């Protein structure tokens, strides 16, 4: 047997095995942060080959292919799908100890029933043929969601999105899983490029049917679209921030800054921060009024390779951890909303492991007793969503917060195969807790520790976000 994935994968003792199989394995998935396209769910898209579902749009794999000397045409370029797959298969043996090695073999095992070999150049032909058999047998977006036991998932959507595909999914009674939009208004903060920003604001104005001339008009247009998203089932917002800034300014000054950038003039970095602060506070208040959860993904330094970013666009594998400090401005931002009685449920994600303990203590400042676990330390994100990063996040939250109130893992992926990362997380969680039980650090009470597992893997998310879930869930 040369396969990697087996019953005890990532489970290092009998306690971990029992926790996983008795309390975690069969639970449904609520994936409340993904980048999956709603259009493909509505169309029940399929794939012609493994490359299309595995390599298209996967910047994790592209980064490793480039690192291992693979030319760009095999990543994002003109090579055939088979050539791209062969190129990736050839570098997999060089990924030992990289999380992709685990993820790839877990996906092959769960969705293609390939758990008896390791992917390499020598096995590429067999893997290509065996995956083709499964794909030709009818594996599609919806069947994959169903097979993954996904009860609900959230996409990531711009305020100007029509949400027509969400409406189509919601109206289709053959789809068991609920699919909800997530409000992601990052482009409304893009003042650094006044031309692009004004073009976007014009499209927002058209979507909201609100003429945007003044700052108050922009807030009104956002409020209109916010309500549209709410009626479509949206219960979360999401914001990607390179750092957390806090630069409050008076109402007159904010309106004057807005007028300048709306006229097409450039504004200073300080003015960008002031206008962005005002808008984020307004968006936080909207979220609070609607009972939404606000997610802040903080610290990614994006699109660093200007040559490749100009050629390929964003989100193509040229991002890294940032190292700007943001504890104080984040505290002031949260405190301003809290002081106004407008701090929504909030999840804070860090991309730099340096910040994990800082955020784990930050959330404790604003727990107010209104909702269990109102303030959350988000699951390991991006460069931290692997075994070590997950364990560090669990350790920080355990020591500095309340692990049993944690709302759990998200796939944060553009690939439908990434639902398997919930299994990966659940196995890591059960291994940590099982190890503590074996060491005498936790009581050997499987119902007690198993309840923690079930809460973190499913029950907390099911109750926290206010989703309308399928009956009987």
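The values are calculated or read from the model by the stated rules, or taken from the named source; none is laboratory data. Note that this is a predicted model, so its numbers are computed, not measured. Glycine gets a Cβ as well: all are built from the backbone with ideal geometry, and neighbour counts include every protein chain shown.
Restricting the search to helices (runs of 4 or more DSSP H) fully inside region 237-327 and requiring at least 1 residues that are within 27 Å of residue 346 (Cα to Cα) gives 251-262, 269-290. Assess whether residue 192 counts as being modelled with pLDDT of 95 or more and more than 22 Å from residue 29 (Cα to Cα). For residue 192, the condition - modelled with pLDDT of 95 or more and more than 22 Å from residue 29 (Cα to Cα) - is not met. Restricting attention to region 304-319, the residues being buried (at least 16 other Cβ atoms within 10 Å of the Cβ) and either touching a strand residue (DSSP E or B) at 6+ places or on another chain (Cβ under 6 Å) or under 21 Å from residue 380 (Cα atoms) (or both) number 4. Residues in region 64-86: is at least one assigned to a helix (DSSP H, G or I) and in contact with a strand residue (DSSP E or B) (Cβ under 6 Å, 6 or more places away or on another chain)? For region 64-86, residues assigned to a helix (DSSP H, G or I) and in contact with a strand residue (DSSP E or B) (Cβ under 6 Å, 6 or more places away or on another chain): absent. A single member of 425, 419, 383 is surrounded by fewer than 19 Cβ atoms within 10 Å (Cβ to Cβ), assigned to a helix (DSSP H, G or I) and within 17 Å of the chain's Cα centre (by Cα), and it is 383. For region 33-79, the set of residues classified as within 19 Å of residue 122 (Cα to Cα) and surrounded by fewer than 18 Cβ atoms within 10 Å (Cβ to Cβ) consists of 68, 69, listed by residue number. The number of residues in region 393-416 being under 18 Å from the mean Cα position of the chain (by Cα), surrounded by fewer than 24 Cβ atoms within 10 Å (Cβ to Cβ) and in a helix (DSSP H, G or I) comes to 1.
Scanning region 223-245 for residues that are closer than 30 Å to residue 304 by Cα and at pLDDT 95 or above yields 236, 237, 238, 239, 240, 241.
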